[in-house]
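Colleague: Okay, here's the structure, questions in a sec.
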């Protein structure tokens with residue numbers, strides 16, 4: 001079954017804030033094809049389904065940091081009048097129950113797949129980093145031994161400092 005929304009598009013809309021992978025309310029509203037205020041109204045009508053580990057509101061510093069990463073409207077230019085909300089993976093899962101539309105369910109499935117893919121990528125990167133660190137430790141351990149081998153080879157390549165006697169006949173010219 002083809003996804004309603006490409007996983008790659010969703011992955012670009014997942015941010016790391018306060019140690020959580022989250023999605024902005026405006027990005028979710030765009031994916032669900034509803035207005036941001038409609039999404040927030042549905043959430044606020046069912047606020048008991050969204051504890052602080054499912055959804056939280058950004059502070060001014062976080063919004064400023066996001067503005068440097070993505071293009072958002074600047075305050076006072078007809079943009080947002082409140083600080084955006086962000087939803088964790090569990091909060092996104094809960095959104096399909098409060099929006100209650102076929103599209104919300106399909107988009108949520110695509111978003112859940114994107115979160116899983118992201119988690120798998122992070123896990124494999126951690127494993128790779130761990131293996132690389134192990135290899136570096138092994139190389140450091142053997143580094144001294146390798147250096148000794150090279151030093152021994154260099155010594156064998158260097159001729160001894162004794163005087164060599166010339167071999168052959170010498171012809172004396174009068």
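Colleague: Label-point separation (nm) for residue 148 and residue 37, each offset 7 Å from Cα along Cα-to-Cβ?
Modeller: 7.7 nm
Colleague: May I ask you to derive the relative contact order of the range 7-122, considering only C-alpha pairs under 8 Å and at least 6 residues apart, and to give it as an integer percent?
Modeller: 35 percent
Colleague: Here is a further query. Once you place label points 7 Å from the Cα toward the Cβ at residue 16 and residue 52, how far apart are they in nm?
Modeller: If labels sit at residue 16 and residue 52, their model points lie 2.3 nm apart.
Colleague: Using 0.36 nm per residue of separation minus the Cα-Cα distance, give me the extension gain between residue 119 and residue 59 in nm, one decimal.
Modeller: 19.0 nm
Colleague: Grab the Cα-Cα distance for residue 7 and residue 156, subtract it from 0.36 nm times how many residues apart they are, and report the gain in nm with one decimal.
Modeller: Gain in length upon complete extension: 47.6 nm.
Since every read-out is calculated from the coordinates, none of them should be taken as a lab result. Keep in mind the model is a prediction, meaning the values are calculated, not measured. Quick reminder, even Gly has a Cβ in these numbers, built from the backbone with ideal geometry, and neighbours come from all protein chains shown.
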